[in-house]
């Protein structure tokens, strides 16, 4: 006899001990990994496009700081996370669940760091290209 497997969405934070551990892949949907010990869940979720401030100062004088707005993203509370893959966790690919408030906070921190790092790399590349010209 064949059993029917019904996939259900988990509309509550089900993995509160899991931490956001990996590098963030940015875009309209971000990709990240939640892990606890040797167990991991590859996740994807939609994010809200926003801007964040970035200070540039090529001198040591604080009066010369320039405040730029750069494109960023923000993970929103109560947004369902899609499971892309899992290892050591009883959850199916394609299943959805919610993150805890702390996981959302940590994810937004990592998004902010990734955006700043990408912008700094872009500035360094432009500076190098200008020096070569």
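The values are calculated or read from the model by the stated rules, or taken from the named source; none is laboratory data. Values in this document were obtained by computation on a predicted structure and should not be read as measured data. Methodologically, a virtual Cβ is constructed for each residue, glycine included, from the backbone with ideal geometry; neighbour enumeration extends over all protein chains shown.
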Qualifying strands (runs of 3 or more DSSP E) (wholly inside segment 1-73; at least 3 residues being modelled with pLDDT under 85): 10-13, 48-56
When you scan segment 98-115, do you find a residue that is in a strand (DSSP E or B) and on the phi < 0 side of the Ramachandran plot, even just one? yes
Expected single match for surrounded by fewer than 16 Cβ atoms within 10 Å (Cβ to Cβ), within 23 Å of residue 123 (Cα to Cα) and within 12 Å of the chain's Cα centre (by Cα) among 67, 71, 61, 28 is 28
Taking segment 96-107, which residues are crowded, with 17+ Cβ neighbours inside 10 Å and either over 14 Å from residue 43 (Cα atoms) or over 14 Å from the mean Cα position of the chain (by Cα) (or both)? 96, 97, 98, 106
Taking the options 81, 89, name whichever one is touching a strand residue (DSSP E or B) at 6+ places or on another chain (Cβ under 6 Å), in contact (Cβ under 8 Å) with a residue 40 or more places away in the chain and buried (at least 16 other Cβ atoms within 10 Å of the Cβ). 89
